[in-house]
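Just below is one structure, and these are the notes that go with it.
The values are calculated or read from the model by the stated rules, or taken from the named source; none is laboratory data. All of these numbers come straight from a predicted model, not from anything done at the bench. Here the Cβ is made from the backbone with ideal geometry for all residues, glycine too, and neighbour counts use every protein chain on show.
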Amino acid sequence: QKVSVEVLDHLEHLALVDFRDAEGVERLQKAIQFADQLHEVNTDGVEPMDSVLEDRWCLYLREDDVTEGNCTKELLENAREKVEEYFVAPPGNIPLPKLEERETFLQGS
């Protein structure tokens, strides 16, 4: 099953993954083929669960009691880099190519 440019664009923005090379597109197509097998499972009469562990564990809510706090200064001492009272994280977003560039790439795969 071929992946459309629009789906590829949407997935790249959701996952922050670059699918510009043939290997990335091939892995995505294999994952979709694998997941498509779930459509063959008959789920008629099966009620959705709140948790995959609902038949094994008693899930309960507890009170959220704060036992520690007011330690901003100590926590920020662990930061490699900080701005004011915030940790500076490395950039996570990768620059994604324009939609037209991906169309050209996908036509060759």
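General remarks:
- Residue satisfying all of: in the stretch 1-22; assigned to a loop (DSSP other than H, G, I, E, B) and among the β-branched types (Val, Ile, Thr); nearest to Pro90 (Cα to Cα) among these: Val17
- In the condition set (1) modelled with pLDDT of 80 or more; (2) in a loop (DSSP other than H, G, I, E, B), Asp50 is compliant with all but (1).
- Residues in the stretch 20-47 that are more than 27 Å from Val3 (Cβ to Cβ), modelled with pLDDT of 85 or more and acidic (Asp, Glu): Asp44 alone.
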